[in-house]
Each structure stands twice: as C-alpha cells, then as structure tokens.
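Participant: Structure incoming, see below.
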Amino acid sequence: MGKFKQLLAANLVSMVGTGISSYLIIWLLIDQLRQSVLYGYLTIFVMILLIVLAPYLGSLIDHHSRKLIFYYLELSGAILLVAFIALYSLDIKSIQILLLTMLIIYQHLYDSIKYPILAALTQEMFKKEQYNKVNSSLEVQGQTAAMVSTAIAAFSVGTISIYIIIIINIVTHLTSAFLIFTMPHDTKNVHQVKKEKSHFIHDFMESMNYLRELPLFISIILMVSFSPAIAVIVMNYIEPIFVYHYLNGGPEIIGAANLLYAVGAIVGGVVSLFFSKRLTPAKALFTFMLIFTVATVAVFVVPSFMMLFVASTLWGVSNAASRIFRKDFMLNHIDNRYMGRVNTSFNSLKLLVQSILIFIITSIFVSNDQILSSYLTLVILTLVSSIVLIIGSLTERNLIKVT
C-alpha cells in the first residue's frame, strides 16, 4: 500500500469510528440526560481551553514528527474509550455526565491536532502540483467516512448497546494507529529544523511575526474562509436541539440530515476539481460561501424536516469545497516550517468566534426556547464573510496583474 493510500485509509478508519461515537455522545448528553444548556456551555469552555493551548499545540506539531503525533493521538483515543466503558457502566448520572464531558473535550482536542497534522503531512509528503488532488481525495473519503458513520449511527444509536458502539470506535482507533505507524514517510530532512529546542511561547511569537510579514490579502482570505467551518460547528450544537425540541423529531432525522450533508460534501469534493481550473481560490470561496448563506436562510424561513434535508445537502457541498480551496490557498502561501503554528493560530481565531456565537445562542436563544433564531447569527457571519471575500478576490487579482 503506497503512502497516499495508507494516509487515506488511516484517516478513513479513524473518521468512521469517531463519527459514530460523536453521534452517540451528543445523543446521550442532550436527549437521554437532557443537558442541552450544559452542552452549550461545555462547548464554549472547550473552545476557550483550545485557544489557550493553541501556542503549545502549534509548537508541538512543528517541532516533532507529525506522523508520530498522529499515531499517539489515535492510541490515546483507544485508551480513553476503554476507561469510558469501565466507568460508564456504574450507572451514576453525575459520573456519566463527567465521562461524556471528558470525551467531548478529547474529541475537540483530537480535531484541533489532527487536521493541522494532515495539512502539514500533505505538504511534506507530496509535490505542489498534487496538493489539490490530495486535498480533494482527503475531503471525499473523509465525507464518505462521515456518511458511513452517520448511516451506522442512525440505525444503531438507541437500538443496540452503547458499549458495542464504543468498542467499534476502539477498534477503529487501533487500526488507524497501526496504519499510521507503518506508513512510509522519510522525515530525515523535513524535521531538521524541528529538532532545535525552543519554548512554545517563542514559537508562537515567531509565527505571529511570520503572519505579519504576509501580504494582507492572504491573511484576510484565510481568516474569513473559516466561516463555513465555524457555522458547521455551531450547527452541530444547534441541530440536535432544533430537531429534538423544535421539530419534535428523533435520532433518525439527524441521521438523515447528516447523511445528506455527507453526500453533499462528497459532491463538493468532486466539483472543487472543476472550479479549481476556472476560478481563483478567493472567488471559489465566495461562490460556495454564498450557497451556504442561502441554505441557512432557507431553514430559518421554512423550518421543516424537508428544508433541513435540502439545506444539509447544500451545507455539505459548500463547506467541503470551501475547506479544499482554503487548504490549497494555505499550502501555496504558507511555509511548511510554520504550517502547524499558522494552522493553530487561525484555529484559535475560529474557536474564539465559535465560542462567542455559541455563548450568544445558548444564553439568548436556547435558554429562552428560541432556537430557530440561532440560524440568523450564522447568516450574518457567512454574509459578511462573503462581502469580505469579494474585496479579497479583487485585491488578489490586482496583485496578480502587478506581478
């Protein structure tokens, strides 16, 4: 198995497992233990924690083997889930809430480390002309994994033992760890700079200086390109409450919506190859962000199961394509030596905006049973970002003409 296929397989297996367990954790906390408000504030806490940890995480990624960090990340996930099985069976509500809280924290931490590592590994392992193909492939197979995990979760959560679901995730973590550990990857030259000892605060300041030296339009485009990703994370919090308490639906509705989102994301991964040959990254980002905004407005205007399904498909298309073009843009403009730190810096900004939005939604809308109004905050976010991207794309075009 080549390194490309092995990287795809490791990512595919881990995403299937974590996708199923993520679905289970949210269902247990919101639907079974009735902790919607707690989930909102917990999400805010985790995001603030990750913002604080961002300088350290970025330094960790840039100064150590990305392959080994990925390996230990998967291994630690398996160990944590084994502990979860042992303690959750005590059937004490306070302990169950605590265990679910720990898993949510781990999953956020997992995502904050894994995706910058994938970007850095892509830049290390492949040539510049291969970036779009690799990113598109990762996106398509990632969303295929999401589709598979959602389908499994939709039919298994609430019908089979939660311990069986967790055991499946343990097996996927271990399988992914094995694939990563055996993946061929020569780090002889890549990590020469990383071996130098340096304090993470110094590393963080170095990355800030690097960002300040970049052309302004690059930083602006990267900053606003995270808007669909921010909106999707916030929607992951809104959607269960919207379905369970506003539309009076069940887990099968969320399963169907997530399945359609994954289908849309696969389509987005495929069509991004078509658009990459015809539009600049900034213009492509604007196009898909506008689609995202329209879909969100539709759910607010016509709140129903059918509209949620249609919007989920469009959200999948637009977010997947936006993520691919953001990665392409970043890989072509950011030096690999700073990739981990730059990624975590922008992720910190993303987390800050997410935590502010979830705080507003939890304290104003969810606590007052006005969950539908939450979608308006996301409309404002993506609409403003679309306008900024228009300006950014014009700046990019003018710079290209000058150079």
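Results for (1) in a helix (DSSP H, G or I); (2) among the aliphatic types (A, V, I, L, M), shown as yes or no for each residue.
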{"site": "MET307", "(1), (2)": "yes, yes"}
{"site": "LYS327", "(1), (2)": "yes, no"}
{"site": "ARG341", "(1), (2)": "yes, no"}
{"site": "SER348", "(1), (2)": "yes, no"}
{"site": "ASP369", "(1), (2)": "no, no"}
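Participant: Return the only residue of ALA311, ALA320, ALA265 being free of Cβ contacts under 8 Å to residues at least 60 places away in the same chain, farther than 30 Å from ASN209 by Cβ and buried (at least 18 other Cβ atoms within 10 Å of the Cβ).
Facilitator: Going through ALA311, ALA320, ALA265 in turn, the sole match is ALA311.
Participant: Listed residues LYS67, LYS5, LYS114; which is over 16 Å from the mean Cα position of the chain (by Cα), charged (D, E, K, R), in a helix (DSSP H, G or I) and at pLDDT 85 or above?
Facilitator: Selected residue: LYS67, the only one of LYS67, LYS5, LYS114 that is over 16 Å from the mean Cα position of the chain (by Cα), charged (D, E, K, R), in a helix (DSSP H, G or I) and at pLDDT 85 or above.
Participant: I would also like to ask the following. Can you spot a residue in the stretch 118-130 that is within 26 Å of ILE79 (Cα to Cα) and over 14 Å from the mean Cα position of the chain (by Cα)?
Facilitator: Yes: the stretch 118-130 contains one or more residues that are within 26 Å of ILE79 (Cα to Cα) and over 14 Å from the mean Cα position of the chain (by Cα).
Participant: Between residues in the stretch 352-377 that are at negative phi and of a type outside the set (Ser, Thr, Tyr) and residues that are outside any helix (DSSP H, G or I) and surrounded by 14 or more Cβ atoms within 10 Å (Cβ to Cβ), which pairs lie under 6 Å by C-beta distance while being six or more apart or on different chains?
Facilitator: LEU372/PRO303
Participant: Now for a separate question. Need the failing condition index for ILE61 against (1) out of contact with any Gly (no Cβ under 6 Å at 6 or more places or on another chain); (2) among the hydrophobic types (A, V, I, L, M, F, W, C); (3) closer than 26 Å to VAL140 by Cβ, just the number.
Facilitator: Single failed check for ILE61: (1).
Participant: Residues that are among the small types (Gly, Ala, Ser), part of a helix (DSSP H, G or I), at pLDDT below 85 and crowded, with 18+ Cβ neighbours inside 10 Å: does the stretch 210-224 have at least one?
Facilitator: There is no residue in the stretch 210-224 that is among the small types (Gly, Ala, Ser), part of a helix (DSSP H, G or I), at pLDDT below 85 and crowded, with 18+ Cβ neighbours inside 10 Å.
Participant: Pull out all pairs, ordered by first then second residue, where Cβ-Cβ is under 9 Å, the residues are six or more apart or on different chains, the first lies in the stretch 75-93 and is in a loop (DSSP other than H, G, I, E, B), and the second is surrounded by 14 or more Cβ atoms within 10 Å (Cβ to Cβ).
Facilitator: Hits for this filter: LEU90/GLN96.
Participant: Quick one: which of SER76, SER89, SER59 is out of contact with any strand residue (DSSP E or B) (no Cβ under 6 Å at 6 or more places or on another chain) and either buried (at least 22 other Cβ atoms within 10 Å of the Cβ) or under 15 Å from ALA119 (Cα atoms) (or both)?
Facilitator: SER59
The values are calculated or read from the model by the stated rules, or taken from the named source; none is laboratory data. Fair warning: this is a prediction, and the values are worked out from it, not measured in the lab. When we count neighbours, we look across all protein chains shown, and the Cβ atoms used for this are built from the backbone with ideal geometry, even at glycine.
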